[in-house]
Amino acid sequence: MSEHVNGTAPPALSFELYPPRDQRAVPGVLETVGALADARPDYVAVTYNGTPERREATLDLVGHLAAATRLRPLAHLTCVGETRGSLALLVERLIALGVRGVLALRGDLPTDRATSRGDLPFARHLIELIRDVESRHSAALCGGRLAVGVAAYPQRHPESPSFEHDVEVLLAKERSGADFAITQVYFGEGDYGHLLQAARAAGVTIPIVPGLIAFDSVRRLVRLSELAGIAPDAGLAHRLEDAGDEAARRRIGIDHAVRLANTAIADGAPGIHLYTFNDHRGPLGVVDRLGLTGRFADPAPGYGRLSAAPA
């Protein structure tokens, strides 16, 4: 997509995937990857958690995107429970796979207080480690830099004393070397604009991208609200409950996400990030309604590290 006539770039487009939970889920993930590629997203994020099995599944999917498609992977990385050495090795593995973007997150704290929280207590320390590893691999990066993203919170983080504190944390992450931020889920049309205004007033200058979901079930709405520590949208929940079938619920979720996206773009959002939960139908419905596309081509022919299980 070319630049707008006023010289500003059009909104970027990105999606989020999570790695297949087992070999049986691989064909569905590959189908979703192919479908999302038709929208030519600027990048595709891949989620991560610290269990060894899920870590390898994340690296497999990231490697597949980098080797077998023209999609640009943004690899999630969390620091809870990790040593400094293990994290440095993970960053080196990502660079070797061809990854040039990392989403640096603290991760969920262990429920058992006896469990180690790891060497790096906060996301800003992970950013500093990523920059340190980057500096030692400048030849592999052709003298370039990794794009480092972080999380932002339109509503107060459940562990935070205040929304204002969250903004100060975002500023600290920028000062540690973050390049951009993606918001957690939110429901109010004014939430993104409020965050953006508060962040800019506090001195945050990095791009802040709204993260949106086309909810198609009350169960997922409630569950994600619990994880985010915010109240679910009562009106959205009611509309989903009253919907007659799956197709109607999907339309309701798309309508809600499109309203939030249009408001965020009007407020100055530099892009739209869509959480997919490995189902492309809702996110692509949002993209179609917005008339939005990224700037990258369809997947290249070839093969990657993932393959469907034999019949």
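Every number here is computed from the coordinates shown, using simple stated rules; none is lab data. Source: prediction; values computed, not measured. Positions of Cβ are backbone-derived with ideal geometry, glycine not excepted, and every protein chain shown enters the neighbour counts.
What the table below lists for this structure:
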{"item": "Long-range HN-HN contacts of Leu17 with modeled amide H, under 5 Å", "result": "Ala45, Val46, Thr47"}
{"item": "Candidates Ser14, Ser176, Ser162, ranked by Gaussian network fluctuation over the chain, Cα under 10 Å, top entry", "result": "Ser162"}
{"item": "Amide hydrogen neighbours beyond the local backbone of Thr83, cut-off 5 Å, H modeled", "result": "Asp119"}
{"item": "Karplus-derived 3J(HN,Hα), 6.51/-1.76/1.60, for each residue of region 71-80, Hz, glycine and proline x", "result": "6, 9, x, 10, 8, 5, 8, 10, 10, 4"}
{"item": "Computed over the chain: relative contact order in percent, which uses C-alpha pairs under 8 Å that are six or more apart", "result": "25 percent"}
{"item": "Region 76-196 - percent relative contact order, Cα under 8 Å, separation 6 or more", "result": "26 percent"}
{"item": "Estimated inter-spin distance, Ala231 and Gln197, nm [label 7 Å along Cα→Cβ]", "result": "2.1 nm"}
{"item": "Summed residue charge, Cβ within 13 Å of Val258's Cβ, Lys/Arg positive, Asp/Glu negative", "result": "+1"}
{"item": "Inter-centroid distance (Cα atoms) of region 176-249 relative to region 101-151, Å", "result": "24 Å"}
{"item": "Pairwise label distance in nanometres, Asp179 with Arg156, each label 7 Å out on the Cα-Cβ vector", "result": "3.4 nm"}
{"item": "Summed side-chain charge close to Tyr275 - residues other than Tyr275 whose Cβ falls under 13 Å, Lys, Arg +1, Asp, Glu -1", "result": "-1"}
{"item": "Exposed-site-free run, longest, the chain (rule: GluC sites (Glu not before Pro); DSSP loop; at most 16 other C-beta within 10 Å)", "result": "4-158"}
{"item": "Computed [θ] at 222 nm, deg cm²/dmol, the chain (DSSP H ≥ 4; -39,500 (n - 2.57); rounded to nearest 500)", "result": "-13500 deg cm²/dmol"}
{"item": "Label selected from [x] 30, 23, 18; [y] 34, 21, 18; [z] 27, 25, 21, the criterion being semi-axes √(5λ) of the Cα gyration tensor in Å as computed here", "result": "[z]"}
